Amino acid sequence: MADISKLFEQLSSALQQAAISSDAAEIQGILTGMLAGGMSVQSDEWLEALADFINQGEKLPDEIKQQVSQLHQQTKEQLMAADFTLILCLPDDAAPINDRGMALVKWVQGFLLGFGLHQNDLTGCSEDVKEALEDFSEISRMDEKMSEGEDSEQALFEVMEYVRVSAMLCFNEQGRSASRAATPSKTLH
């Protein structure tokens, strides 16, 4: 968890210095959404699409491109792992609760954007995925300040865990099957 929090801080700082009004949470959300929506894990189209959304179509500065590529690789590996290891790129647990809550909202907004880029027909989605996307839509509109305290911490943790598991569900249903279809079979006949 410390590595991903460190990456969050480094990437968010680099984005701010480059006057790009996004943060690492939103970027990982977009990347996860694209993969969960059906973009092949072998695809390299994500970088251009990401630059279109966060940098008005301009190429990303090299430092940011390198950090975003690292985040993309980590996210992809976590989604492909069999043990549900996706770690959301959010501020450290020591950060104020409202900073973590807003980062989660940005992550979810990014996920919905990325998912929509690759999945615009939800008729083939299971009811669980449809429900998760509806819940994500609700979460993306949250703007209430949270009070410090154990109850708020527990509520935020539960929402974060729900988002994490739901993102993996979407990937396993929509993204993994699209990646398998894009990968040629190695079976010889």
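The values are calculated or read from the model by the stated rules, or taken from the named source; none is laboratory data. These numbers were taken from a predicted model, which means no experiment stands behind them. Ideal geometry is used to build each Cβ from the backbone, glycine not excepted, and the neighbour counts take in all protein chains shown. Protein only, heavy atoms only, side chains kept; ligands, DNA and RNA dropped before computing areas. Shrake-Rupley method; radii C 1.70, N 1.55, O 1.52, S 1.80 Å.
Descriptive notes on the structure:
- Scan of region 97-123 for residues that are of a type in the set (S, T, N, Q) and without any contact (Cβ under 8 Å) to a residue 24 or more places away in the chain, ordered by number: Asn120, Thr123
- Here Arg100 fits the description: within 18 Å of Ser12 (Cβ to Cβ) and either open to solvent by 10 Å² or more (accessible area, probe 1.4 Å) or part of a helix (DSSP H, G or I) (or both).
- Any chance Ile27 is within 10 Å of the chain's Cα centre (by Cα), modelled with pLDDT of 90 or more and either under 19 Å from Glu161 (Cα atoms) or hydrophobic (A, V, I, L, M, F, W, C) (or both): yes
- Ile27 passes every criterion in (1) crowded, with 21+ Cβ neighbours inside 10 Å; (2) more than 28 Å from Phe157 (Cα to Cα); (3) among the aliphatic types (A, V, I, L, M) apart from (2).
- Single residue of region 1-31 satisfying the filter (in a loop (DSSP other than H, G, I, E, B) and hydroxyl-bearing (Ser, Thr, Tyr)) that is nearest to Gly175 (Cα to Cα): Ser22
- Enumeration of residues in region 158-171 that are without any contact (Cβ under 8 Å) to a residue 40 or more places away in the chain and either under 18 Å from Gly38 (Cα atoms) or of a type in the set (Phe, Trp, Tyr) (or both): Tyr162, Ser166
- Pairs with Cβ under 7 Å, 6+ apart, first in region 133-157 and closer than 22 Å to Ala94 by Cα and open to solvent by 50 Å² or more (accessible area, probe 1.4 Å), second of a type in the set (A, V, I, L, M) and at pLDDT 95 or above: Met142/Val105
- Yes/no for Leu117 being closer than 17 Å to Gly33 by Cβ, modelled with pLDDT under 90, part of a helix (DSSP H, G or I) and not polar (S, T, N, Q): yes
- If the condition is being of a type in the set (A, V, I, L, M, F, W, C), over 11 Å from Phe171 (Cα atoms) and crowded, with 18+ Cβ neighbours inside 10 Å, then region 32-55 contributes Trp46, Ala49, Leu50, Ala51, Ile54.
- Filtered residue count, region 11-33, keeping only those that are touching a His at 6+ places or on another chain (Cβ under 8 Å) and free of Cβ contacts under 8 Å to residues at least 24 places away in the same chain: 0
- Scanning region 120-132 for residues that are open to solvent by 10 Å² or more (accessible area, probe 1.4 Å) and assigned to a helix (DSSP H, G or I) yields Leu122, Thr123, Gly124, Glu127, Asp128, Lys130, Glu131.
- Filtered residues of region 56-92 (kept if farther than 26 Å from Ala18 by Cα and either of a type outside the set (Gly, Ala, Ser) or open to solvent by 80 Å² or more (accessible area, probe 1.4 Å) (or both)): Glu77, Gln78, Leu79, Met80, Ala82, Asp83, Phe84, Thr85, Leu86
- Some residue of region 69-88 being under 30 Å from Gln154 (Cβ atoms) and more than 17 Å from the chain's Cα centre (by Cα): yes
- Close pairs (7 angstrom Cβ cut-off, 6 or more residues apart or separate chains): closer than 14 Å to Ile4 by Cβ in region 66-81, open to solvent by 80 Å² or more (accessible area, probe 1.4 Å) and not β-branched (Val, Ile, Thr) anywhere: Gln67/Gln10
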